[in-house]
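Input: a single structure, listed below in structure tokens.
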Amino acid sequence: MGLIDRFKKNKLTTADNNEIEEKPLYSIIKIEYSPNTKVKSNLKVAYQYGEKLQSFKNRQEAEEYFYAYRTCLSNKLKSICKNYSCFLPDYTVESLKVLEKWYFDLYENNSFDILGVDQHEFEDMMSIYFGDVVINNNSDAKWTVVEYPFTQEKYELMINKNLFSMTIEKCCRDWYKEPSNKRHNLLFRTYNRYFKS
């Protein structure tokens, strides 16, 4: 799923049970509390999300897995790019626009299979590439593996820059569903919004 759609939406109610607008789980992460919002419903969604994450015995095991995961997907994208001239993975911020346009060409023509991957695998490669672009263009950014705070032994692959962290693993899943992306440059805009120096 995408950066926003990956979080399940839930209905929030005021203290007197009047329904208010739907908000995705990221409202918890951004700590957008209102005095009339029931936090328990948001916590339920957070627990449900955590249950879907991969389990590991400890942080070291999670780090080893995610290092191999990143390396594998990064190398696979480079290998595909050698055979197709649609995209040059040079890790510039501008390259995010080209990658996303390539993705939408593949999606609209239902042609991921010509690359030897399915749509979700390509989206996962996009996620890792996005993280690599952040790392390559920000000396204070780094990959990190973090235990999910609401569920034990569940870990996430994240990019950390100063006090900001973003989940990267599978952040581009079902990218075509992302709202406000008619120009197909949301990866570029996401970078500029959160990581531009």
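Just so you know, all these numbers are worked out from the coordinates, no wet-lab data involved. What you see is a predicted model, and the numbers here were worked out from it, not measured in a lab. Please note: Cβ atoms are built from the backbone with ideal geometry, for glycine as well, and neighbour counts cover all protein chains shown.
Summary of values
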| item | result |
| --- | --- |
| By average C-beta atoms within 10 angstrom, highest first, the peptides 139-152, 183-196 | 183-196, 139-152 |
| Long pairs among Lys52/Lys161; Lys44/Lys154; Lys161/Lys196; Lys82/Lys170; Lys161/Lys182; Lys78/Lys142, criterion Cα-Cα beyond 18 Å | Lys52/Lys161; Lys82/Lys170; Lys161/Lys182; Lys78/Lys142 |
| Label point at Arg183 placed 7 Å out along Cα→Cβ; residues across segment 51-95 whose backbone nitrogen lies under 15 Å | 94-95 |
| Residues of segment 100-124 with amide N under 19 Å of the 7 Å Cα→Cβ point at Leu88 | 100-103 |
